[in-house]
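Q: Input: one structure, supplied below.
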Amino acid sequence: MKRLSVLPQQCLLLVTCLLMALEAVPIDIDKTKVKAEGHVEGEKVENPDTGLYYDEYLRQVIDVLETDKHFREKLQTADIEEIKSGKLSRELDLVSHHVRTRLDELKRQEVARLRMLIKAKMDSVQDTGIDHQALLKQFEHLNHQNPDTFEPKDLDMLIKAATSDLENYDKTRHEEFKKYEMMKEHERREYLKTLDEEKRKKEESKFEEMKKKHGDHPKVHHPGSKDQLKEVWEEADGLDPNEFDPKTFFKLHDVNNDGFLDEQELEALFTKELEKVYDPKNEEDDMVEMEEERLRMREHVMNEVDINKDRLVTLEEFLRATEKKEFLEPDSWETLDQQQLFTEDELKEFENHISQQEDELRKKAEELQKQKEELQRQHDQLQAQKQEFQQVVKQMEQKKLQQGNPPAGPGGELKIQPPGEHKAGDAPQHPAGADQPLPPGHVQEPAVRTDQVHP
């Protein structure tokens, strides 16, 4: 994701609803005791993808809108509710002709892309049935009934779709992680079934040993607590822990100087805690679990600090959180290895679902094998007919040669040699008494009859 440079601070509200984190105009802050980050103003910074299937279209629309002076001025006075309600979308009628033309072009490209994807999906599922409602859902971020022009309704739909999808994005990630963990356990149990008793006991003993080794790590501080932030202050920022100051800490970790801590900037604060539990070099540490732990920490801090639920933490919200009892005396933090991620009933249901999918795939494979065998049988039959036909043609050619008839050509035409042309070694044969052509100037004498008597 590319952060947008030189934008009004209010523009970040729209961008946050859509992309969660884009760069606003730097505000004038004093970063005393803060190390230089080497950030160059106007520099493009790569950010993680939003995870939305229309991510590129979303970015392009925002880039174009921010080139219009009138629209940017309206953003300076807009708040989150005005953006979400669609009030800001009506300002689209006042943007320049060049901007509207570019937006029209972007929309046509997006509609063409979606149509191509939907056609591919329909082709791939034509034998198993088509979920038309799921296909239409692909168009929820734009008005597909008007595929040629970008209207205020398109901007309104884009904002609402992105806001809703981003709110559900974390939930989807949690569900996918749970499936991942259940699949790991399912595969482990299936593997144990293939072993004899002695090997199975060794494998189970190794599994328990790895679990114990993974759980043997330093204490993990409660995310967002004073102890956790002071550890970042000391070890990551290299500052004196006795001089910890929340306001300076906020300014230091507001990497893009926009006056907010966004979700990516918050997640970066948990790296030191995660390194206590996860090491990519250790066999017992799963990096997929580490990212789930990072997500859990970020959600927890957001729930405690983000008062207006705009997915951003302001300086005021941050300082207010540092005054709470939870900041100074937090509860202990339970990592994933200390929690039950799924029940036996959930695992059993998951395995039943896998079994059904495997049965369907097996039936499909059997059908494809039958089709393959039928095609092979038809191919063999055609080959046999071809050989039989070639044999018949060969016999007919031999029979014609034996009868003295000129051989037939590939199309059945007779091969007749021109007069006077003979193969080498062939002598012209004429029946006795037959008329023969005479040389020029030679007069043929009448034939003598043997039945006449001459005096």
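Q: Starting from the Cα-Cα distance between Arg173 and Asp237, subtract it from 0.36 nm times their residue separation and give me the gain in nm to one decimal.
A: Result: 20.0 nm gained on full extension.
Q: Starting from the alpha-carbon convex hull of the stretch 220-292, give the projected area averaged over all orientations, in nm².
A: Mean projected area for the stretch 220-292: 5.5 nm², to one decimal.
Q: How do Ser332, Ser89 stack up against each other in accessible area, from largest to smallest, with a 1.4 angstrom probe?
A: Largest accessible area first, the list is Ser332, Ser89.
Q: Go ahead and collect, in residue order, the members of the stretch 269-293 whose backbone nitrogen is under 13 Å from a label point 7 Å along the Cα-Cβ direction of Arg188.
A: Counting only backbone N, you get 284-286.
Q: For the stretch 180-312, take the alpha-carbon Rg, divide it by the Kirkwood Rh, and send me Rg/Rh.
A: Here the Rg-to-Rh quotient is 1.12.
Q: To the nearest 0.05, what FRET efficiency results for Glu275 and Lys119 with a Förster distance of 35 Å applied to their C-beta separation?
A: Calculated transfer efficiency: 0.15.
Q: Also: Simple spin-label model, 7 Å along Cα-to-Cβ: Ser164 to Glu284 in nm?
A: Placing both labels 7 Å beyond Cα along the Cβ direction yields 4.6 nm.
Q: Now a separate question. To the nearest 20 debye, what charge dipole does the stretch 195-342 have about its Cα centre, counting +1 at the Cβ of each Lys and Arg and -1 at the Cβ of each Asp and Glu?
A: For this selection, approximately 220 debye.
Q: Further question on the same structure: When the Kirkwood hydrodynamic radius is evaluated over all pairs of different C-alpha atoms of the stretch 164-220, what value in angstrom, to one decimal, is obtained?
A: Roughly 14.0 Å, rounded to one decimal.
Q: Next question, about the same structure. Cross-link partners among lysines for Lys137, C-alpha distance below 17 Å, same-chain residues fewer than 8 apart left out?
A: Filter leaves Lys107, Lys119, Lys121, Lys153, Lys160.
Q: At 7 Å along Cα-to-Cβ for each site, give me the label-to-label distance between Lys153 and Gln381 in nm.
A: 5.6 nm
Q: Which of the GluC sites (Glu not before Pro) found in the stretch 215-289 are loop residues per DSSP with 15 or fewer other Cβ atoms within 10 Å of their Cβ?
A: Glu283
Q: As a test question: what accessible area, to the nearest 10 Å², does His353 have when a 1.4 Å probe is rolled over all protein chains in place?
A: 90 Å²
Q: Separate question: Please list, or write none, the lysines whose alpha carbon is within less than 29 Å of the alpha carbon of Lys400, excluding same-chain residues fewer than 8 places away.
A: Lys386, Lys415, Lys423
The values are calculated or read from the model by the stated rules, or taken from the named source; none is laboratory data. In this text the structure is predicted, and so the values were computed from the model without any measurement. When we count neighbours, we look across all protein chains shown, and the Cβ atoms used for this are built from the backbone with ideal geometry, even at glycine. The accessibility values were calculated without ligands, DNA or RNA, using every heavy atom of the protein model including side chains. Shrake-Rupley method; radii C 1.70, N 1.55, O 1.52, S 1.80 Å.
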